[in-house]
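These notes concern the structure reproduced below.
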Amino acid sequence: MNRPSVSAVAVPLLTCLATLGTLTVWTATGNAGTPARLSVAEGRVLVPSGHEATAAWFVIRNTGGADDVLTGVTGPAGHRAMLSRSVDIGRNARSMAMVRAATVPAGGALRMTPTTLDVMISPPPRLAPGDRLTFTLHFRHSPPQTVRARAVRPGH
C-alpha cells in the first residue's frame with residue numbers, strides 16, 4: 001500500500017496556511033482596498049439659450065479604494081439625458097460626442113464641466129436662474145444617486 005509521506009502532505013498544507021495567514025493580515029490592515037464610496041454635491045445646469053439642448057454637470061467624489069464607472073443618467077420626465085463630451089474638430093470648432101461611460105477614480109473625483117464631460121438634456125426644459133432639476137446618476141458598481149442641479153446662466 002502506497003501512503004504519501006508526511007513531507008508530501010505537510011508542504012502543500014503549510015503553503016496554504018501561510019498564504020491564508022498572509023492574506024488575512026493584508027486584508028485586516030486595509031491593504032485589500034475598499035469598494036467605491038461615491039458622493040455627489042448639487043450640480044449645475046445651464047439656462048438654455050436655444051431650443052436644441054442644454055448641459056448639466058456634477059462633481060462625483062470617490063473616497064473608496066476602487067474605481068467606479070458612471071454609466072448613464074436619467075433626467076427630468078419628457079427630456080433625454082445623455083453623457084456627452086466636447087471634442088475639438090479643428091479650426092477652433094468643437095462638437096458634442098456621446099459617451100457611454102466615465103470612470104470615477106478611487107480616492108479622486110470625476111469633475112464634469114459644460115466644456116468637457118457633461119449631461120446633455122434635449123429638448124431643454126424651461127429654466128430660470130435658481131430653478132432646480134433632479135437627475136439620477138447610474139453607476140456600474142454603486143447604487144444610483146439622485147441629485148439636483150441648480151440652473152445658472154452661462155459663465156456662472
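The values are calculated or read from the model by the stated rules, or taken from the named source; none is laboratory data. These figures come from a predicted structure and were not determined experimentally. What goes into the accessible areas is simple: the full protein's heavy atoms, side chains included, and nothing from ligands, DNA or RNA. Shrake-Rupley method; radii C 1.70, N 1.55, O 1.52, S 1.80 Å.
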At a 1.4 Å probe radius, carbon and sulfur cover how many percent of the accessible area of segment 33-156? 50
Might you tell me the accessible area per residue for segment 79-156, computed with a 1.4 Å probe and given in Å²? 61
